[in-house]
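Here is the structure we will look at.
The values are calculated or read from the model by the stated rules, or taken from the named source; none is laboratory data. This structure is a prediction, so every number in the text was calculated from the model and none was measured. Neighbour counts run over all protein chains shown; Cβ positions are idealised from the backbone, glycine included.
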Amino acid sequence: MRFNGHGVWAIYRFEMARSLRTLWQSLVTPVITTSLYFVVFGGAIGSRMTEVDGVPYGAFIVPGLIMLSLFTQSIFNASFGIYFPKFTGTIYEILSAPVSSLEIVLAYVGAAATKSAVLGLIILATAALFVPLHILHPFWMLAFLILISTTFALFGFIIGVWAQNFEQLQLVPMLIVTPLTFLGGAFYSIEMLPEGWRTVALFNPVVYLISGFRWAFYGVGDVSVQASLLATLGFFFACLAAVGWIFKTGYRLKN
């Protein structure tokens, strides 16, 4: 079967247009939330904790703030994007259209990853209004940004297929991803933890994602950048394999 670029573009454009219709929720709300984080964490805690690993505390939390929004928005955009056709029944029209499973994933995941990456850059620009920023490795910053957006969009796609109601869409992001992010060094270095808790923290996969992204900014991280990259790629391929299994078996898509 030839690659159906028109089909991919049609789904992708529809998903992007949906975000424009909810511009306040998609962009403005996360920016306001980021500003509040800087007021609370940067102002209240930053006045008592001036530097972490040689980086001013206000600048240190920027990668963690971006990752916090990136994780939740990637999951939400992708999960809602595929769940809504299931909810309305239009998923059967998509499955019967001359669009392959790969093309469906490209469209939905691509749109979700695009929205999340743009949001990450907007939060980065917002952060620059509060603290001076210097990105040591801009190429790797963009690489981690795109890879993590795509990976969590794939993860969100899986959640959207699995979910059977709107409450389940929020279950994994609220009860698993957000707590792991706060415990994963988003606002502190795990080196500040007692030795026992530091060992426990290394079993949190989010630590590796945030650490790699922070290394791209300041050249410092809780783990090596190689470990961060391997962990991110491992999660990406695991999600890709799960999506492939979903389309192969028709799990909660065709039944």
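So is G54 more than 27 Å from I159 (Cβ to Cβ), surrounded by fewer than 18 Cβ atoms within 10 Å (Cβ to Cβ) and of a type outside the set (V, I, T) or not?
Details: more than 27 Å from I159 (Cβ to Cβ): yes; surrounded by fewer than 18 Cβ atoms within 10 Å (Cβ to Cβ): yes; of a type outside the set (V, I, T): yes.
Yes.
Residue pairs whose Cβ atoms lie under 7 Å apart, separated by 6 or more positions or on different chains, with the first residue in the stretch 116-132 and aromatic (F, W, Y) and the second outside any loop (DSSP other than H, G, I, E, B), are F130/F38; F130/G42; F130/G58. Taking the stretch 215-240 as the range and being under 12 Å from M67 (Cβ atoms) and either among the hydroxyl-bearing types (S, T, Y) or in contact with a Ser or Thr (Cβ under 9 Å, 6 or more places away or on another chain) (or both) as the test, the residues that pass are S228, T232. Of all residues in the stretch 85-120, exactly one satisfies the criterion of being crowded, with 18+ Cβ neighbours inside 10 Å, hydroxyl-bearing (S, T, Y) and closer than 16 Å to V161 by Cβ, namely Y108.
Of the residues that make up the stretch 71-84, is at least one part of a loop (DSSP other than H, G, I, E, B), surrounded by fewer than 23 Cβ atoms within 10 Å (Cβ to Cβ) and either of a type in the set (D, E, K, R) or at pLDDT below 90 (or both)? Step through it out loud before you land on a result.
Step one: list which residues in the stretch 71-84 are part of a loop (DSSP other than H, G, I, E, B), which gives none.
Checking the stretch 71-84: not a single residue is part of a loop (DSSP other than H, G, I, E, B), surrounded by fewer than 23 Cβ atoms within 10 Å (Cβ to Cβ) and either of a type in the set (D, E, K, R) or at pLDDT below 90 (or both).
Matching residues to (1) touching a Pro at 6+ places or on another chain (Cβ under 9 Å); (2) over 24 Å from A111 (Cβ atoms):
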residue: P138; (1), (2): no, yes
residue: T151; (1), (2): no, no
residue: Q164; (1), (2): no, no
residue: L169; (1), (2): no, no
residue: F182; (1), (2): no, yes
residue: A186; (1), (2): yes, yes
residue: S189; (1), (2): no, yes
residue: R214; (1), (2): yes, yes
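Working only within the stretch 85-101, note down all residues that are without any contact (Cβ under 8 Å) to a residue 24 or more places away in the chain, assigned to a helix (DSSP H, G or I) and of a type in the set (S, T, Y). T88, Y92, S96, listed by residue number. The set of residues in the stretch 102-139 that are of a type outside the set (A, V, I, L, M, F, W, C) and not in a helix (DSSP H, G or I) comprises P132, H134, H137. Among residues that are polar (S, T, N, Q) and farther than 18 Å from F157 by Cα, S69 is not included. The helices (runs of 4 or more DSSP H) located wholly in the stretch 140-255 that include 2 or more residues which are crowded, with 20+ Cβ neighbours inside 10 Å and not aromatic (F, W, Y) occupy 205-218, 225-249. Of all residues in the stretch 236-255, those that are modelled with pLDDT under 95 and of a type outside the set (S, T, Y) have Cβ atoms under 9 Å from Cβ atoms of residues that are exposed (fewer than 14 other Cβ atoms within 10 Å of the Cβ) and not in a helix (DSSP H, G or I), 6 or more apart or on another chain, in R252/Q164. In the set (1) in a helix (DSSP H, G or I); (2) over 23 Å from A216 (Cβ atoms), the condition left unmet by L68 is number (2).
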